[in-house]
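Derivation of every value follows stated rules applied to the coordinates shown; laboratory data play no part. Only a predicted model underlies this, so the values are computations on that prediction, with no experimental measurement involved. Using ideal geometry, Cβ is built from the backbone for each residue, glycine included, and neighbour counts are taken over all protein chains shown.
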Amino acid sequence: MMKKGVFAALVTCLLTATVFAAIGVKIVDNFEKNQDLKNPEWWKFDNVTVSVVKNPAYRAGDRVAQAAGKYSMNIKGSAKDWYCGGIGTYTGVDASSYTGIELSIYGYGPASGRMKMELYDDDKGAWNTVYDKEWIPVKDDLWAFEQVVDWRGWKTVYIPFSSFTLTNPKRGDGVRNFDQNKGSGGLLQIQFVFIAPSKDGEINLNIDNLKLVTREDEE
Ligand SMILES: [Ca+2]
Ligand SMILES: [Ca+2]
Ligand SMILES: [Ca+2]
């Protein structure tokens, strides 16, 4: 009887640990098994080409490169008046337990491009995004953060949700609420929009290990 009790306590401990870890990290895509970009599905728009590619060779001890595994997503694009195009994926997740997004970015030098990261925050509770003619969500908040990619090789960046700013005031409720309370779809989708380093320039970079994460020092 005694042994059984200890065992039960141990199982409870393990279960608690597992649940806790699951709350802390949600992988959106690591591109290891998503050659055709269908699961999850990635869409693209305007002047970018995307493909899952083999990761470049790396020096032993490069932990970010090691974590990137065999494959990542490469994005190339050419600009018309700075703007190239973008990519996105539907998440439809309650992200209220996470504090931000994390991803690894492979740059090809100082002029790799700029990434505008967009988080779509369902406020209407429609579980999809309805846009106006300018592709601005009509009833939901659209939060954005811009990352310049000016390095060579892999780098992991973490962007707390609190660093994202509202791009479309007075459409949604103006509050960063990625929860699924009251029928909301939560964090509906993530998009990356690419801007060239010059007016008619080009962008080239890879992304990998896109995750929602919880960092303890963040609220
Ligand atoms: Ca990978
Ligand atoms: Ca919301
Ligand atoms: Ca909101």
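Brief remarks follow.
- Test: residue in the range 190-201 that is under 16 Å from ASP123 (Cα atoms) and of a type outside the set (Phe, Trp, Tyr): yes
- Residue list for the range 196-219, filter: surrounded by fewer than 21 Cβ atoms within 10 Å (Cβ to Cβ) and not in a strand (DSSP E or B): PRO197, SER198, LYS199, ASP200, GLY201, THR214, ARG215, GLU216, ASP217, GLU218, GLU219
- Boolean, ASN209 is within 17 Å of the chain's Cα centre (by Cα), of a type in the set (S, T, N, Q) and more than 16 Å from ligand 1 (Cβ to nearest atom): no
- Only residues that are more than 12 Å from ligand 3 (Cβ to nearest atom), crowded, with 19+ Cβ neighbours inside 10 Å and either among the small types (Gly, Ala, Ser) or in a loop (DSSP other than H, G, I, E, B) (or both) were counted in the range 167-195, giving 0.
- Qualifying positions in the range 115-144 - within 15 Å of ligand 2 (Cβ to nearest atom), more than 19 Å from the chain's Cα centre (by Cα) and either under 14 Å from ILE190 (Cβ atoms) or not aliphatic (A, V, I, L, M) (or both): ASP123, LYS124, GLY125, LYS139
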